[in-house]
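Comments concern the structure below.
The values are calculated or read from the model by the stated rules, or taken from the named source; none is laboratory data. This is a predicted model, so every value here is computed, not measured. Positions of Cβ are backbone-derived with ideal geometry, glycine not excepted, and every protein chain shown enters the neighbour counts. Note: areas computed on protein heavy atoms with side chains; ligands, DNA, RNA excluded. Shrake-Rupley method; radii C 1.70, N 1.55, O 1.52, S 1.80 Å.
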Amino acid sequence: MKSIHAYLEDDLRKWASRPYISVKSGQHYHAHTFSETIHDIRCLSRALLQLHLQGKQIMICADNSYEWIVLYLSITGYVGICVPVDKEWTAYDFAHTLSAIEISAVFYSRSCRERIQSLSLEHPEILWYCIEDCLPHLIQEGASSPLFLIGQPILNKTVMILFTSGTTNLPKAIPLTQENLFANWETLYRRTPMTEQDISYVFLPFHHVYTCVANILYTIISGMQLFLASDLTQVIPELIQIRPTVVCTVPLFLYRMYEAMDEILLDTLQNIRFLYCGGSFTDPKIKQYFIENGVCLLEAYGTSETSSVIALSVPGDPDLACNGVVFENLDVQILNPDAAGVGEIIVKGKSVSKGYLNRNDHYSEFDQDGSYHTGDLGYLDQSGHLYLKGRKKRMILTANGKNVYVDELEELILQDPQIHAVKVWEEDHHPAALVVSDLNEEAIQQKIQQINRLLPRYKQIRKIYQKPDTLGGRIK
């Protein structure tokens, strides 16, 4: 295992003139070579160091772009700690984050400017940079800097902080080191060997650990080419245009491809050597359709706290009921299994975070042994096949002593195809629901009212929250 800057130096020696990151302009893609990309990374790193940001926590709130990747690798490889967040975050989300950890600089897209402007006035101590306006100038300044650049060589030092939050809880800050981020590479490579001959097409948000690790960090090891999606409405046409061999997706996009399937799209998908699908559970019938039609679909299970993947399907495995085979480099156990072997999934290994920042142990899902308690229920067979069976603490005890089973309500709501994800929890001793959908608030209210008419009063959902579909995978 090497550091990020060491991998980049290797890339420069091996693949300097090879295309690395391709971005669409008009109808055509333009490629940045490894040499051009690493030059920009080094120049930007010098500029950030000249701004006295060494060792500081730097936030990225931006659209996927070439500049996002350059900024991320500059921060994690040479400068400090990167804090990537969802570009759809509200002022409320930012307020909680800025109260949880100290941020020295924020890089944001123009699309986020309206929300950012009010925050910048409230936090004059933070440096605020619009990526489109400032990054070219910073790279130019770094190019003329005489500063000698030294990478961050300590593998067990935090270089990235991710935020995960529940619908009713404050955000939890997850520190990850270079050791965490690269720990699973060798196991993944043995199972799905990616090389410089592969082409990856990326449309999932970079701020998710799933995308960030698989589509950014692992490409600086494998030498894969990256093609960035120009727009989420263009995913299927661009898949057909590019014909990638490695793709990361989530069930929502898998379902959209299933609905749009024709001979051309199927041929494109059959060309993909490894089609990873993670973020939430995949409908077994949809999974079966893709695999039986010659698509190498590999279901992945993981969490941000474990640097993404815990279990991944093995190509050619006939067991379609399992949700992946646990990585051999991880110690995955089932805690307090019942008579059927089902219990909470806990994980220990080098990819596991050391624990949430600035939180009392009473609230932590990390035990004294260093294992992460996922909150997911499942069972393991003797060959490491993992079968997910839902979430822990899925029962609501109402004020009048009635039991409400959360899975039952979620399954009922998800029968509507216009609702993409849902999470039900207890609020004031009654069910509340967060609904992920492109429908407007009024339409969602009407749908929940229709469902409530089917239920006894104690099971009816009293409060409804809406979240637009931002491809975030499962709701935590």
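Rounded to the nearest 10 Å², what accessible area does Y465 have for a 1.4 Å probe in the complete protein model?
Answer for Y465: close to 90 Å² accessible.
Might you tell me the accessible area per residue for the chain, computed with a 1.4 Å probe and given in Å²?
45
With every protein chain left in place and a probe of 1.4 Å, what is the accessible surface of H430, to the nearest 10 Å²?
50
Of the labelled options (1) 62, 50, 36; (2) 71, 53, 47; (3) 80, 51, 47, which one gives Cα extents along the principal axes in Å as computed for this structure?
(2)
Tell me the accessible surface of F163 in square angstrom (1.4 angstrom probe, heavy atoms of protein chains only), to the nearest ten.
Surface accessible to solvent at F163 totals approximately 40 Å².
Amide H of M160 versus every other amide H placed in the peptide plane: which residues, excluding those fewer than 5 positions away on the same chain, fall under 5 Å?
C82, L176
Could you give me the ³J(HN,Hα) list for the stretch 11-25, computed from phi with Karplus coefficients 6.51, -1.76, 1.60 and θ = phi - 60°, whole Hz, x at Gly and Pro?
4, 5, 6, 8, 9, 3, 8, 6, x, 10, 10, 10, 10, 7, 10
Hey, what angle do you get for helix 441-452 against the long axis of the chain, alpha-carbon based, 0 to 90 degrees rounded to 10?
So the helix axis and the longest Cα principal axis differ by about 30 degrees.
Using heavy-atom solvent-accessible surface (probe 1.4 Å) with all chains present, what is the largest-first order of L380, L439, L297?
L380, L439, L297
Straight-line reach only, C-alpha to C-alpha below 16 angstrom: list the aspartates and glutamates that K157 could link to, leaving out same-chain residues fewer than 8 apart.
In chain and number order, the partners are E179, E305.
Roughly how many debye, to the nearest 20, is the charge dipole of the stretch 197-313 about its Cα centre, given +1 on each Lys and Arg Cβ, -1 on each Asp and Glu Cβ, and no other charges?
200
How large is ³J(HN,Hα) for each residue in the stretch 240-248, as worked out from phi by the Karplus curve 6.51 cos²θ - 1.76 cosθ + 1.60 (θ = phi - 60°), to whole Hz, x for Gly and Pro?
Coupling constants for the stretch 240-248: 5, 5, 8, 6, x, 10, 9, 9, 9 Hz.
From the square roots a ≥ b ≥ c of the eigenvalues of the alpha-carbon gyration tensor of the stretch 12-82, which class results: rounded (a/c under 1.5), prolate (a/b over b/c), or oblate?
Since a/c reaches 1.5 but b/c is at least a/b, the shape of the stretch 12-82 is classed as oblate.
Projecting each Cα onto the charge dipole of the chain (Lys/Arg +1, Asp/Glu -1 at the beta carbon, about the Cα centre), which of V247, I38, V352 comes out farthest on the positive side?
Of the listed residues, the answer is V352.
For the stretch 110-212, with the dipole built from +1 on Lys and Arg beta-carbon atoms and -1 on Asp and Glu ones, taken about the Cα centre, which of P205, L188, L119 lies farthest toward the positive end?
Final value for the positive-end residue is L188.
On the accessible surface of the chain, probed at 1.4 Å, how many percent belong to carbon and sulfur atoms?
That share works out to 50 percent.
Could you derive backbone 3J(HN,Hα) for the stretch 411-426 from the dihedral phi with the Karplus parameters 6.51, -1.76 and 1.60 (θ = phi - 60°), listing whole Hz in sequence and x where the residue is Gly or Pro?
5, 5, 5, 6, 5, 7, x, 7, 9, 8, 7, 8, 9, 10, 8, 8
With a 1.4 Å probe and all protein chains kept in place, how do W68, W128, W15 rank by accessible area, largest first?
W128, W15, W68
Using a 1.4 Å probe and counting only protein heavy atoms, arrange K354, K56 so the residue with the most accessible area comes first.
Per-residue accessible area, sorted high to low, gives K354, K56.
So who's got an amide H within less than 5 Å of the one on T303, skipping anything under 5 residues away but keeping other chains? H placed 1.01 Å off N, in plane.
Result for T303 returns S308, I310.
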